1. Just one of (1) at pLDDT 90 or above; (2) farther than 30 Å from Phe332 by Cα; (3) not β-branched (Val, Ile, Thr) trips up Gly68, so point out which.
2. When you look at Ser302, is it more than 14 Å from the chain's Cα centre (by Cα), without any contact (Cβ under 8 Å) to a residue 60 or more places away in the chain and closer than 19 Å to Asp82 by Cα, yes or no?
3. Does Ser341 fit the bill of being of a type in the set (Gly, Ala, Ser), within 30 Å of Ser410 (Cβ to Cβ), at pLDDT 80 or above and assigned to a helix (DSSP H, G or I)?
4. Of all residues in the range 181-218 being crowded, with 24+ Cβ neighbours inside 10 Å and either in contact with a Leu (Cβ under 7 Å, 6 or more places away or on another chain) or not hydroxyl-bearing (Ser, Thr, Tyr) (or both), which is farthest from Tyr276 (Cα to Cα)?
5. Of everything in the range 436-450 that's part of a helix (DSSP H, G or I) and in contact with a Gly (Cβ under 9 Å, 6 or more places away or on another chain), which residue is farthest from Gly250 (Cα to Cα)?
Amino acid sequence: MVVASFVFFLLVFVGIGLLSAFKSRGNNEDYLVASSSVQPWLVALSAVATNNSGYMFIGMIGFTYTVGLSSIWIMIGWIFGDFVASQYIHKRLRVATEKHELISFGGVLSRWHGTNYEKLRLIVGIITLLFLGTYAGAQLKAGSKALHVLFNWDYSTGAIIGAVMVFLYCMAGGIRASIWTDAAQSFVMIIAMGMLLLVGVNEVGGIGQFATALGEVSSTYTNLFPEKLATPGFTGASLFVIGWVFAGFGVVGQPHIMVRFMTLDDAENINRVRAYYYSWFIAFYAMTIGVGLLARLLIPASSEFDAELALPMISLQLLPAVAVGVVLAGLFAATMSTADSLILSCSASLTRDIVPKLRDNYYVTKGATVTVTLIALYIALFGTENVFNLVLIAWSVLAGAFGPLLLVYSLGRKVSEITGIGMVLTGFTTTILWRQLGLGDYIYEIAPGLIAGITVYFIFNLIGFNRLSEQAIQDIKDNA
């Protein structure tokens, strides 16, 4: 019965994706940005589903299981940073998309003000392909873990099933298929998480007993801040929270999420998108943390237990077979909703930014989708990092590399190509070095990456590197 329920929901998702083929216009603009014609509620639910990926069902629940209540600051910081970013960037991004006919993230960063920075576009495309490919692999890996626990299938099975399904509906309707299935998946995701939370609270004896039992896990499990901060006291706690605010702001550097706002039918509808998006986001994130805490009460910690398997384990423990299938479908929905977006963004980067001579060939773009899907599957099957770390690495690097330049553009500033390249590479390098040196214990690496990239803008502006070339000025005039 578990398998039947699971398969039913997956077939529904695939069916929805395949139906989008009837709306396809058979060109790259429709394949990659749905001809910028998507309604606000669909944009919002798609962005939520894409943001709340296998990282939430597998990574975030496992992290909460391990560290306790202090994980709530990831939610608070992440959503607040995301909200701040939306006030400055999302509407302006949609306007620029329409004005300059942009359909890839590399195009956004190289052509925002009518310029045509080919070297910058190539660098953005390469970074996008490398790290979004890794990110996509993490999503497929998350699904594999769940199927392994529930059905004792080989770890490769879930990744292969997910890759095949994502490939099918991406090929059918491109990003429109992704958005339609995302919307359906977002409902299954929140229903599955809500059902598990309600049943779990009842299992431990109600809200009061739930709170009491959490306090008995350990003396620090319900502390609002982690037990060990690199910098003690108020300073350490502040840096911890600020780091996650920057992480939320880092959504602006995520091509697979930002492209959702590029598909919106009208820039003036952005407030409606925000209302749907943040209502859903807050509810889902809060329930995820609740389920992670419940898992710690229902499944005792041990050196042999993989915390990232907490969700499927408590599903088996608490729910009837049909409901377990729903939860598993919700998990798969989360991984697929992000994986398809990542794969399409990589396809855009490969054909529009890295090999631009192929950019106008619709079938080559579809061929790129095949290539990227295979790369993501390889990473899922042979990558060694856990889901939480794979996602955080990719998210951090993309935010540090692309966030500063997108923010500067949104504030109405123009940059020369050398300044743009300097900002991207400095943010990229700083983020990686910060993580490799272990300085993330002080503050999450997105913060120094974003700050470093923005600092380059001001330094280059002072020393004259930010003056636009005659060709860039002519490009702007030609596109005015």
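The values are calculated or read from the model by the stated rules, or taken from the named source; none is laboratory data. Since the structure is predicted, the reported quantities are computational estimates derived from the model, not experimental observations. Using ideal geometry, Cβ is built from the backbone for each residue, glycine included, and neighbour counts are taken over all protein chains shown.
1. That leaves (2) as the condition not met.
2. no
3. yes
4. By that ranking, first place goes to Leu196.
5. Gly440
Every residue, every condition in (1) more than 21 Å from Leu214 (Cβ to Cβ); (2) hydroxyl-bearing (Ser, Thr, Tyr), yes or no:
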residue: Arg274; (1), (2): yes, no
residue: Leu297; (1), (2): no, no
residue: Phe305; (1), (2): no, no
residue: Leu319; (1), (2): yes, no
residue: Ala334; (1), (2): yes, no
residue: Gly367; (1), (2): yes, no
residue: Thr371; (1), (2): yes, yes
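Yes or no, residue by residue, for (1) surrounded by fewer than 18 Cβ atoms within 10 Å (Cβ to Cβ); (2) closer than 16 Å to Phe63 by Cβ; (3) among the acidic types (Asp, Glu):
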| position | (1), (2), (3) |
| --- | --- |
| Asp265 | yes, no, yes |
| Met287 | no, yes, no |
| Pro300 | yes, no, no |
| Ser303 | yes, no, no |
| Leu311 | no, yes, no |
| Ala323 | no, no, no |
| Val326 | no, no, no |
| Ala329 | no, no, no |
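One line per residue, one yes/no per condition, for (1) more than 20 Å from the chain's Cα centre (by Cα); (2) surrounded by fewer than 23 Cβ atoms within 10 Å (Cβ to Cβ):
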{"residue": "Gly383", "(1), (2)": "no, yes"}
{"residue": "Ala401", "(1), (2)": "no, no"}
{"residue": "Thr429", "(1), (2)": "yes, yes"}
{"residue": "Trp434", "(1), (2)": "yes, yes"}
{"residue": "Ala452", "(1), (2)": "yes, yes"}
{"residue": "Tyr457", "(1), (2)": "yes, yes"}
{"residue": "Phe460", "(1), (2)": "yes, yes"}
